[in-house]
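Visitor: My questions will all concern the structure given below.
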């Protein structure tokens, strides 16, 4: 059995999770610079690895995040289960600001970001039909219930490029598509986690109703920041409870998140680009 190591990628406002015996550690990646060092330690005896998605001080915009390096360093740190905590807007009255949405689907509308570790010289195709690991998502839900945190289990996250917020027309369109929340950071993060065979779950913290809502015609930055501060306390509670209750032995994923590369590599071994294969040592070493 593989021991569980919980990875946490903290989005806007979530930088100060209490981690025992922690230290900031530099992990180098062949994919370039990650957003920051990782903070390695324990919560309730469970090994955890925390990475601030935008860097400490919120230095990196959503489009400039090196998602490949971030996921690669999580893999190099041994992470088996990765929880993404990020701010979002809501398209649903029943998901008001302050609600935590435990997302299970994504629509990717980003366009300026590398989205795969694979490419010319080593081609691979993984399924993201079910991009979230259901067992991990249920553990997140149980933690939310235990901490009495307002939440909604299940929902579709529309990932937009940003850094601007939606136009009114876009916001109305995404509602018609059946999307529930909107954010700028969970794609290609979720896709890359799948390629790296890391179980993944998203906690989307609602800060606003986006521009579709008749009483919230414009996204109010001051209101978002105020809600973010309220959400931060609950996010830390949830992560702490999750770490306390998460099984210490990694549970095999029923949708194959942790074995996604089993039959994904298409390029014949003798035709693979050596330089790319070398960069894939952590992500795909199990199958290379």
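The values are calculated or read from the model by the stated rules, or taken from the named source; none is laboratory data. Model, not experiment: these values are computed from the prediction. Neighbour counts run over all protein chains shown; Cβ positions are idealised from the backbone, glycine included.
Visitor: Collect the residues in segment 122-152 that are farther than 30 Å from residue 287 by Cβ, in contact with a strand residue (DSSP E or B) (Cβ under 8 Å, 6 or more places away or on another chain) and surrounded by 17 or more Cβ atoms within 10 Å (Cβ to Cβ), keeping them in residue-number order.
Guide: 141, 144, 149, 151, 152
Visitor: In the set 185, 202, which member is under 27 Å from residue 254 (Cα atoms), modelled with pLDDT of 95 or more and part of a strand (DSSP E or B)? Show your work before the answer.
Guide: Working: 185 fails: part of a strand (DSSP E or B).
Just a single option satisfies the conditions, and that option is 202.
Visitor: If residue 263 satisfies all but one of (1) under 28 Å from residue 118 (Cα atoms); (2) part of a loop (DSSP other than H, G, I, E, B); (3) in contact (Cβ under 8 Å) with a residue 24 or more places away in the chain, what's the number of the condition it fails?
Guide: Residue 263 satisfies all of (1) under 28 Å from residue 118 (Cα atoms); (2) part of a loop (DSSP other than H, G, I, E, B); (3) in contact (Cβ under 8 Å) with a residue 24 or more places away in the chain except (3).
Visitor: Tell me which residues, restricted to segment 171-193, are surrounded by fewer than 24 Cβ atoms within 10 Å (Cβ to Cβ), out of contact with any strand residue (DSSP E or B) (no Cβ under 8 Å at 6 or more places or on another chain) and either touching a residue at least 12 places away in the same chain (Cβ under 8 Å) or on the phi > 0 side of the Ramachandran plot (or both).
Guide: If the condition is that a residue be surrounded by fewer than 24 Cβ atoms within 10 Å (Cβ to Cβ), out of contact with any strand residue (DSSP E or B) (no Cβ under 8 Å at 6 or more places or on another chain) and either touching a residue at least 12 places away in the same chain (Cβ under 8 Å) or on the phi > 0 side of the Ramachandran plot (or both), then 172, 175 are the ones that fit.
Visitor: Then there's this: Considering every residue within segment 58-73, establish whether at least one is more than 12 Å from the chain's Cα centre (by Cα) and within 27 Å of residue 245 (Cα to Cα).
Guide: So far as segment 58-73 goes, yes, one or more of its residues are more than 12 Å from the chain's Cα centre (by Cα) and within 27 Å of residue 245 (Cα to Cα).
Visitor: For the structure I just gave you, tell me whether residue 101 is touching a residue at least 40 places away in the same chain (Cβ under 8 Å), in contact with a strand residue (DSSP E or B) (Cβ under 9 Å, 6 or more places away or on another chain) and surrounded by 19 or more Cβ atoms within 10 Å (Cβ to Cβ).
Guide: yes
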